[in-house]
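The values are calculated or read from the model by the stated rules, or taken from the named source; none is laboratory data. None of these values were measured; they are calculated from a predicted model. Don't worry about glycine lacking a Cβ; one is built from the backbone with ideal geometry, like all the others, and counts go over all protein chains shown.
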Amino acid sequence: MSATAPLRIRGAALERGGRELWAGLDLEVEPGELVAVLGPSGSGKTTLLRAILGLERLSGGSIEALGAPVRRAGNRRIGYIPQQRPLPRETPLRGRDIIGLGVDGHRLGLPLSRKKDRARIDELLEAVGATAFGDRPVGLLSGGEQQRLRVGQALADDPALLLCDEPLTSLDLANQQAVVRLIDRHRRERDAAVLLVTHDINPVLSRVDRILYIANGRFTLGTPDEVLTTATLSALYGAPVFVVRAGDQLIVVGAPDAEDAHHHHHDEDDA
């Protein structure tokens with residue numbers, strides 16, 4: 001266990017448009033730990049990731065990522081997988097170019113002539129199961145194929161901290177499972193810390209160590225068994241909420257915005 005948690009959040013508070021989304025958030029994510037972030041739209045889940053990336057200013061508290069205070073310039077050792085959004089059909093990039101942005105993006109426009117970079121791109125294509133479509137135009141690829149490439153791009157610098165913003169949205173079950181496996185493999189092989197925002201906990205439930213559930217300006221943090229209970233979520237929402245088990249699926253019933261739980265296609269979570 002490293003002396004420094006890859007992510008350390010202390011007393012964090014966040015406002016949006018004069019409204020406090022939450023305050024007093026303390027969270028440490030240890031090496032090799034996967035923490036899922038749940039909660040209704042507008043609760044500030046994506047905004048939390050943006051704050052860790054240095055793109056959003058906290059209204060209180062502090063965030064340290066990989067041993068240093070976050071800064072606007074960002075940190076290449078933090079991997080980021082954005083929400084799945086289809087790329088336009090006419091996007092003039094190939095699959096390998098998307099991953100190449102992660103490998104050589106910091107060199108701003110230098111051509112990808114370096115042998116080492118090409119080898120690294122090939123290695124990442126193989127790691128995310130994208131070798132077969134590495135040379136195809138990305139706009140013609142399926143959502144699942146595009147998302148594999150985004151995972152490859154996020155893993156390019158071998159991040160010790162991986163932030164995932166609803167990486168499974170609008171993917172079918174097989175592709176959801178494939179993307180979860182890729183994230184999980186990186187975490188285990190590299191002892192990376194993972195913070196994963198999701199609307200549906202089920203695809204990642206078996207791999208999650210802890211859950212941060214944000215709702216109504218409050219939050220709760222604990223293991224899935226501690227957080228995903230009728231009593232805990234009812235207290236958090238301040239209204240009757242039921243957690244129902246159907247086979248190996250958990251379904252949250254009655255939470256405001258609970259209809260989001262299984263199909264969510266808006267761009268940002270984040271009022």
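Odds and ends about this structure:
- Checking each residue in region 217-249 for being of a type in the set (A, V, I, L, M), part of a strand (DSSP E or B) and modelled with pLDDT of 90 or more picks out Leu221, Val243, Val244.
- Of everything listed in (1) charged (D, E, K, R); (2) closer than 27 Å to Leu55 by Cα; (3) touching a Leu at 6+ places or on another chain (Cβ under 9 Å), the single unmet condition for Arg118 is (2).
- In region 205-226, the qualifying residues are those that are hydrophobic (A, V, I, L, M, F, W, C) and over 11 Å from Val37 (Cβ atoms), and the one that is farthest from the chain's Cα centre (by Cα) is Ala215.
- Reported count of residues in region 88-133, each being of a type in the set (A, V, I, L, M), within 28 Å of Ala65 (Cβ to Cβ) and modelled with pLDDT of 90 or more, is 8.
- Among (1) over 28 Å from Arg188 (Cβ atoms); (2) at pLDDT 85 or above; (3) of a type in the set (A, V, I, L, M); (4) surrounded by 14 or more Cβ atoms within 10 Å (Cβ to Cβ), the one test that Ile211 misses: (1)
- Filter result for Leu7 (at pLDDT 90 or above, more than 22 Å from Arg76 (Cβ to Cβ) and crowded, with 19+ Cβ neighbours inside 10 Å): no
- Among (1) part of a strand (DSSP E or B); (2) touching a helix residue (DSSP H, G or I) at 6+ places or on another chain (Cβ under 8 Å), the one test that Arg89 misses: (1)
- Scope region 32-53; condition of a type in the set (S, T, N, Q) and either surrounded by fewer than 19 Cβ atoms within 10 Å (Cβ to Cβ) or more than 18 Å from Leu212 (Cβ to Cβ) (or both); matching residues: Ser41
- Residues satisfying the stated conditions in region 54-76, i.e. part of a loop (DSSP other than H, G, I, E, B) and surrounded by 17 or more Cβ atoms within 10 Å (Cβ to Cβ): Gly54, Glu56, Leu58, Leu66, Val70, Asn75
- Pairs where the first residue, in region 183-195, is under 14 Å from Arg77 (Cβ atoms) and the second is part of a loop (DSSP other than H, G, I, E, B) and of a type in the set (D, E, K, R), C-beta under 6 Å, 6+ apart: Ala193/Glu33
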